[in-house]
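Below: the structure, in structure tokens.
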Amino acid sequence: MGELRHSRRHRTARPSWFAWDNYLIGVVGLAFAVAFGTAAAILAQAGHHPPALAVAVFAALFATPAAVQAIGELFAGLALVGMLLGSIVLLPALLVSPTARRWAKRRWARATV
């Protein structure tokens, strides 16, 4: 599956989500989906609608994991942008307010336990 990455928190080695085989599976799945989708379009154009529908469903089954992966990566990117914007907005308050610094220190301590 993926490469093993050691986790200090759980003292285990688990497959990394950032392994190349995950992306390869997505790309190969999309390639099969395109091939089956093209075959479904050719069958439908020839007037063979029930087989075309079956092949189109098969194409969708191959495309689904890649679509789920892409949506997950988009959400992760949005979360990173949100954290960056949040830190930019919070930085002036942390520089000025001792109350905000104490709040951030407590929050950081709870997050890293």
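The values are calculated or read from the model by the stated rules, or taken from the named source; none is laboratory data. All values reported here derive from a predicted model rather than from experimental measurement. Glycine also receives a Cβ, built like all others from the backbone with ideal geometry; neighbour counts cover every protein chain displayed. Remember, those area values only see protein heavy atoms, side chains included, never the ligands or the DNA or RNA. Shrake-Rupley method; radii C 1.70, N 1.55, O 1.52, S 1.80 Å.
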Cβ pairs under 6 Å, 6+ apart, first in region 67-84 and free of Cβ contacts under 8 Å to residues at least 60 places away in the same chain, second assigned to a helix (DSSP H, G or I): Gln69/Gly26
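When you check Ala104 against the structure, is it in contact (Cβ under 8 Å) with a residue 12 or more places away in the chain and either open to solvent by 70 Å² or more (accessible area, probe 1.4 Å) or out of contact with any Ser or Thr (no Cβ under 8 Å at 6 or more places or on another chain) (or both), yes or no?
yes
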Considering residues of region 65-97 that are open to solvent by less than 70 Å² (accessible area, probe 1.4 Å) and of a type outside the set (A, V, I, L, M) only, the residue nearest to Ile25 (Cα to Cα): Gln69
Test for Ala104: is it part of a helix (DSSP H, G or I) and closer than 20 Å to Leu24 by Cβ: no
